[in-house]
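K.L.:
Before I ask anything, let me first share the structure, which is written out below as structure tokens.
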Amino acid sequence: MGRPRLLGSVLAGGLLAGVLLSPTEFSVRPLADWTGARLVANAGFEASASAVSQWDVTGSGGTATITTSPVHGGSGALKVTDSSTATGGSVSVRSRPVAVVPGETLTAHAFAQRVDQTAGSLYLEYWRPDGTRIDGAVVVTDVTGATGWQALTVGAVAPDDATTATVLVYSKESALGTTVWDDVTLDSAPPPARKVPNSSFEDLHDSPLPSPWAVTGSAQLVTSPVHTGNRALRMADSSGSTGVTALSKAIPVTGGETLTATAWYQITSGLTGSLYLEYRKADGSSSDPYKAHVDVTAGAGWRKLTVSKTAPSDATSVTLRLYSELDAMGTTVWDDVTLRSSVDGRYAETVGTGSVLFVGDQRVESYTGMSRVVIKGTPRGDTALTDGATGVVLGGGTWDANPRFGGAVLRDADGTYRMWYNSAAGTGLATSTDGVKWTRYGTGPVSTHGPGGIAQKPGGGYYTLYPKNGQYAAMTSQDGITWTDLNGGNIVLPGFDVVNVGWDPTNGGRFVALSKQYPTGSPYGARTIYTSWSTDFVHWTAPRFALASDALDHEKVAARYASRAGASSEIYGMAGMRYGEQFIGVPWMFDVHERPNPLGNPGEDIGRAHLELAASQDLLNWSRPARDAIVAEPAQTAWNWGFQVGGGSILTVGDEVRYYYGSFAGEHSCGSEDVPSLCAKATGNSKIALLTWKRDRFEAFHAASGGGSVTTRTLTPTGTKVTVNANLGTSGQLNVALLDAAGTPIPGYETSNPITGDTVVNWGTKTNIPTTGGPFRLQFQLTAGDLYSYSIS
């Protein structure tokens, strides 16, 4: 049997020669059980003796009732009877939604028993923030013709634009009769530590090629058949002598780590195909002892391949290869290539004493009767400035006539604010006693290099990365004024032209860099966010993919510029800032509506940029359930209409939170000669401004008429006193209940004293939650108003 013909040293694996990358990133442990239980309300259909409680029943084709016989467990089960005679008649019984984060894998299980000739189905569905179902992510399995109780299982990975998931029991339009259902469960595996770029072949940047997979031979995207989503990869081998290959980008790994790769395939003709897992050394090379593979087998429909191998001690990356054998001919379609690792973690139940925000859904189990609301920042500017620009704290000077933000604002122990910012002449420094009125330091730049954020190590000096030859070099300073090169001014991190650095206080403390990476044939466009860590600011871990625009972002831009072919979204830059029990990200959402040079320099792309919110527990997996700007939409004449860029720090001063950002007046790469043919407003000079919020109030769960509730995932708190940040308005009330892991109210803690008004309050008369018996859940029940955060101190 033929095997791939590989080069002895492969730099195409994604590693850059000469870049200092630390191979140590994780402590390796045995392959884990990745799954944990999620709550399905009334999963055993025991909540009522008649009506189907906490499931939504729709369809005019029949009935859904509770039965006492047959049952799989307990005293009740769901009986679905389809008696429709008209075309289109059906019965749907859908669970209440659970919150999900992108990359999370859900697996639904249920028991079913056919009573007569019906053919029911079990579905797992994912939903977008706007309430629309992601049809390409729906997965289903049918009841078989077996007698007695049969176990059904269906699972899928949550797409990047998914915020909730539901389980659906469905009687098809063509089916008549009765099926009984019972004991529905839902398992969850958190997002994997190792992500395969464009794992489901949905990207269209290089269509019909599957960017960024390196292809040899006849391999291209197809829309049918597909396993999930809208596209798959078809590999057709008609020569029998050269083979066909699709090779993934290199993914960083650690020696001793065990990876399990899976891929779905469907044979359309012949019998050909293998899935390879290939570990690589630092120079990109691989050899037979570093590889493992499994071959396709004959069979109809979609089938699954799985291959595992432990990384050799000197392995630094892994690639996945889809391969058609040299001596075989035929056509195979591939989809949904994934990796699971021994470094994958389960959902982290432990919660510290900081604020838990509702910016992301990492700690949210479910919500009902609630909508998501982004709270736009309140502009606060220097009234002494004469340009009339709302919220501006720093405008054009003499040597720095074009101040643009790409740095940070930090506060010294004596209360002095210091701002590092970019200008055409270099990096500027300004100081302030109140954070609003600023004085420029000196008459020239403190550095000739533009900063990529400013990181301050506790008890140490200042650190920054700066662009050099299309990558990043490092500098340090003790006073923030005089800077010296680290590593002799040589490159320390690969990248493109935007990077934000900061200090990550978790994991013992380390520097973090969120960089823009532009690998050739990127699956996410020219602008994609990757994460790296360092303990000395010189030796960095290999950049790992963290965040990119998704299908929902692209569709919003395409709708905004309906007359512009190819309009799409990218993320120009983002900082990750620790706030309470999570990191907050402020992605610069670049709405590209013109690509004058689509195959060349992406710096010529034209469009506006606005700032949104994201949240993460680990700086790698991000949740964005509400897609709205944090800056109020400005008029086209305004200074900040065009291209907004976010700073790399967030400050809390008393009960006020401050975030500094900059903006160009016009669009990216829009010159006066391009107006109005390609764009509406030339780029123009930049200014720097300040947004403020009340503490924790960035995003809210909003309960309108009828009220609603939010239930957390399981929590193992280090504290005992619950504090809630909410605004209930003039008529709303908030109650807080303590639940056990199964979602059952704990006696004596079913509810707190009602909370009213606009306040931060402690939890009712229960000053302390139990110190034993956990993990627990919190359930917030609102009649009206906004819920922003909670903490357990």
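The values are calculated or read from the model by the stated rules, or taken from the named source; none is laboratory data. Please read all numbers here as calculations on a predicted model, not as lab measurements. Cβ: placed from backbone, ideal geometry, glycine included. Neighbour counts: every protein chain shown. When the accessible area is computed, the model is the full protein with side chains, heavy atoms only, and any ligands, DNA or RNA have been set aside. Shrake-Rupley method; radii C 1.70, N 1.55, O 1.52, S 1.80 Å.
K.L.:
Taking only pairs six or more apart or across chains, which ones have beta-carbon atoms under 7 Å, a first residue in segment 170-197 that is within 22 Å of Gln150 (Cα to Cα) and buried (at least 18 other Cβ atoms within 10 Å of the Cβ), and a second residue that is at pLDDT below 90 and charged (D, E, K, R)?
P.N.:
Close Cβ pairs (under 7 Å, with a partner that is at pLDDT below 90 and charged (D, E, K, R)) amount to Ser171/Asp82; Ala175/Asp82; Leu176/Asp82; Thr178/Asp116.
K.L.:
Suppose we filter Ala315, Ala292 for residues that are over 25 Å from Thr228 (Cα atoms), modelled with pLDDT of 95 or more and buried (at least 21 other Cβ atoms within 10 Å of the Cβ); which single one remains?
P.N.:
The match here is Ala315.
K.L.:
Could you check segment 34-117 for strands (runs of 3 or more DSSP E) lying wholly inside it with 2 or more residues that are in contact with a His (Cβ under 8 Å, 6 or more places away or on another chain)?
P.N.:
In segment 34-117, 105-114 are the strands (runs of 3 or more DSSP E) which contain 2 or more residues that are in contact with a His (Cβ under 8 Å, 6 or more places away or on another chain).
K.L.:
Restricting attention to segment 305-346, report how many residues are in contact with a helix residue (DSSP H, G or I) (Cβ under 9 Å, 6 or more places away or on another chain) and either at positive phi or basic (Lys, Arg) (or both).
P.N.:
Going through segment 305-346 one residue at a time, the tally reaches 1.
K.L.:
Of everything in segment 198-218, what is of a type in the set (Ser, Thr, Tyr) and open to solvent by less than 10 Å² (accessible area, probe 1.4 Å)? Give them in sequence order.
P.N.:
Ser211
K.L.:
Here's a follow-up. If I filter segment 230-249 down to residues being β-branched (Val, Ile, Thr) and open to solvent by 10 Å² or more (accessible area, probe 1.4 Å), which single residue comes out as nearest to Ser324 (Cα to Cα)?
P.N.:
The extreme case among them is Thr245.
K.L.:
OK, next. Name the one entry in Gly131, Gly148, Gly136 that is outside any strand (DSSP E or B), within 23 Å of Pro192 (Cβ to Cβ) and not β-branched (Val, Ile, Thr).
P.N.:
Result: Gly136 is the single residue among Gly131, Gly148, Gly136 that is outside any strand (DSSP E or B), within 23 Å of Pro192 (Cβ to Cβ) and not β-branched (Val, Ile, Thr).
K.L.:
Here are the criteria: (1) within 19 Å of Gly103 (Cα to Cα); (2) touching a strand residue (DSSP E or B) at 6+ places or on another chain (Cβ under 8 Å). Tell me which single one Arg627 does not satisfy.
P.N.:
That leaves (2) as the condition not met.
K.L.:
(1) surrounded by 14 or more Cβ atoms within 10 Å (Cβ to Cβ); (2) modelled with pLDDT of 95 or more: which one isn't true of Trp639, the others all being true?
P.N.:
(2)
K.L.:
Out of the residues in segment 714-729 that are at pLDDT 90 or above and either open to solvent by 30 Å² or more (accessible area, probe 1.4 Å) or touching a helix residue (DSSP H, G or I) at 6+ places or on another chain (Cβ under 7 Å) (or both), which is farthest from Ala43 (Cα to Cα)?
P.N.:
Step by step, filter segment 714-729, then rank; the result is Gly729.
K.L.:
A further question on this structure: Which of (1) open to solvent by 40 Å² or more (accessible area, probe 1.4 Å); (2) at pLDDT 90 or above; (3) over 29 Å from the mean Cα position of the chain (by Cα); (4) not small (Gly, Ala, Ser) does Asp740 not meet, given it meets every other one?
P.N.:
Single failed check for Asp740: (3).
K.L.:
Turning to a different aspect of this structure: Restricting to segment 667-691, and then to whatever is surrounded by fewer than 18 Cβ atoms within 10 Å (Cβ to Cβ) and among the polar types (S, T, N, Q), can you tell me which residue is farthest from Ala389 (Cα to Cα)?
P.N.:
Of everything passing the filter in segment 667-691, Ser677 is farthest from Ala389 (Cα to Cα).
K.L.:
Also: Which ones in segment 266-287 are in contact with an Asp or Glu (Cβ under 6 Å, 6 or more places away or on another chain) and more than 20 Å from Trp213 (Cβ to Cβ)?
P.N.:
Lys281
K.L.:
For segment 342-369, give me each residue that is open to solvent by less than 30 Å² (accessible area, probe 1.4 Å) and touching a Gly at 6+ places or on another chain (Cβ under 6 Å).
P.N.:
Of everything in segment 342-369, those that are open to solvent by less than 30 Å² (accessible area, probe 1.4 Å) and touching a Gly at 6+ places or on another chain (Cβ under 6 Å) turn out to be Gly354, Ser355.
K.L.:
Considering only residues of segment 322-342 that are of a type in the set (A, V, I, L, M) and at pLDDT 90 or above, which is nearest to Thr242 (Cα to Cα)?
P.N.:
Leu322
K.L.:
Please determine, by comparing only the residues of segment 407-431 that are among the hydroxyl-bearing types (Ser, Thr, Tyr) and part of a strand (DSSP E or B), which one is most open to solvent (accessible area, probe 1.4 Å).
P.N.:
The qualifying residue most open to solvent (accessible area, probe 1.4 Å) is Thr431.
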